[in-house]
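A.B. asks: Have a look at the structure that comes next, please.
Here, each number is a calculation from the coordinates, and none is a lab measurement. What you see is a predicted model; the values in this text were computed from it and never measured. In this analysis, Cβ positions are derived from the backbone assuming ideal geometry, glycine residues included, and neighbour counts consider all displayed protein chains.
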Amino acid sequence: MPDFAWNDSYSVGDEEFDSHHKQLIRYIQILDDPGEQADLDFLRAIVDGLVAYTNYHFSAEEVVMRETDYPGLDRHLAQHAEFVDKATRFRDDFRDGAVTVGDEILDYLKLWLVKHILTEDRGFTRYREKTLAAS
Ligand SMILES: [Fe+2]
């Protein structure tokens, strides 16, 4: 998948969450093209960082979803859990001796993130806009 990068069509209309999504994209870009100098310690640190930042970001979204009584919360939580599970197994593979970042996991991370932002996170944005307009 060429040209995996942030673009404005990914905006969910929330500066904080947009900046989180940009950071997640950045982690994946680095894993996709870590550069000539990257050694195993560097890759491990990036994979650790991706998992930690993902947990931080998902928690932040989930707090706002709970505060606003988002009816799609359970479905959203299930999607987050699926991604965390996959990313955590990826991290554990690295801790257990994996030395390369495979195409399968890279494609999964990219596709999942873009699809999730464009459908699920956008769905929450629409809900927030609707409830704000009604209050
Ligand atoms: Fe989300």
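A.B. asks: Could you state the angle between the C-alpha long axis of helix 103-115 and the longest principal axis of the C-alpha atoms of the chain, as a value from 0 to 90 degrees rounded to the nearest 10?
C.D. replies: 10 degrees
A.B. asks: Another question about this same structure. Got a sec? How would Ser19, Ser9 order by Cβ neighbour count within 10 Å, fewest to most? The partial results should precede the final answer.
C.D. replies: Numbers: Ser19 11, Ser9 8.
Ordered from fewest to most neighbouring Cβ atoms within 10 Å, Ser19, Ser9 come out as Ser9, Ser19.
A.B. asks: Can you compute the helix-only [θ] at 222 nm over the chain? Use -39500 (n - 2.57) per DSSP H run of at least 4 residues, normalise by all residues, nearest 500 deg cm²/dmol.
C.D. replies: Numbers: 5 runs with 95 residues, N = 135.
For the chain, the value works out to -24000 deg cm²/dmol.
A.B. asks: So what are the ³J(HN,Hα) numbers for segment 31-39, from phi and the Karplus equation (6.51, -1.76, 1.60; θ = phi - 60°), rounded to whole Hz, Gly and Pro as x?
C.D. replies: Residue by residue, segment 31-39 yields 5, 5, 9, x, x, 4, 7, 5, 10 Hz.
A.B. asks: I've got another one for you. For a test of the definition: using alpha carbon positions, the gyration tensor, and the 1.5 limit on a/c, classify segment 1-42 as rounded, prolate or oblate.
C.D. replies: Details: a/c = 4.74, a/b = 2.05, b/c = 2.32.
Oblate, because a/c is 1.5 or more while a/b does not exceed b/c.
A.B. asks: If the label point is 7 Å along Cα→Cβ of Thr100, which residues in segment 25-53 have backbone nitrogen under 17 Å from it?
C.D. replies: Zone members listed by number: 31-41, 43-44.
A.B. asks: Another question about this same structure. Quick one: if the Förster radius is 35 Å, what FRET efficiency do Glu15 and Glu36 give, using the C-beta to C-beta distance and rounding to 0.05?
C.D. replies: On the way: r = 35 Å, r/R0 = 0.99.
Step by step, r from the Cβ atoms, then E = 0.50.
A.B. asks: Let me ask something else. Across 10 Å bins from 0, what is the distribution of all Cα-Cα pair distances for the chain, in whole percents?
C.D. replies: Bins of 10 Å from zero give 11, 42, 31, 12, 3, 0 percent of pairs.
A.B. asks: For Leu24, Leu113, what's the fewest-to-most ordering of other Cβ within 10 Å of each Cβ?
C.D. replies: Details: Leu24 17, Leu113 20.
In order of increasing Cβ crowding within 10 Å: Leu24, Leu113.
A.B. asks: Taking segment 15-134, how many lysine pairs are there with alpha carbons less than 20 Å apart, if each pair must be eight or more places apart or span two chains? Can you show the working numbers first?
C.D. replies: On the way: Lys22/Lys86; Lys22/Lys110; Lys22/Lys115; Lys86/Lys110; Lys86/Lys115.
Total qualifying Lys-Lys pairs in segment 15-134 comes to 5.
A.B. asks: Separate question: Label Arg122 and Phe83 with points 7 Å out from Cα along Cα→Cβ: what is the distance between them in nm?
C.D. replies: Each label point lies 7 Å from its Cα, and together they span 1.5 nm.
A.B. asks: Sticking with this one: Under a crude label model (7 Å from the Cα following the beta-carbon direction), how far is Ala133 from Trp112 in nanometres?
C.D. replies: 3.3 nm
A.B. asks: Could I ask something else about it? Compute the helix-to-body angle for 40-67: its Cα long axis versus the longest principal axis of the chain, expressed 0 to 90° and rounded to tens.
C.D. replies: 10 degrees
A.B. asks: Considering only C-alpha atoms, what is the centroid distance from segment 110-135 to segment 13-86, in Å?
C.D. replies: 16 Å
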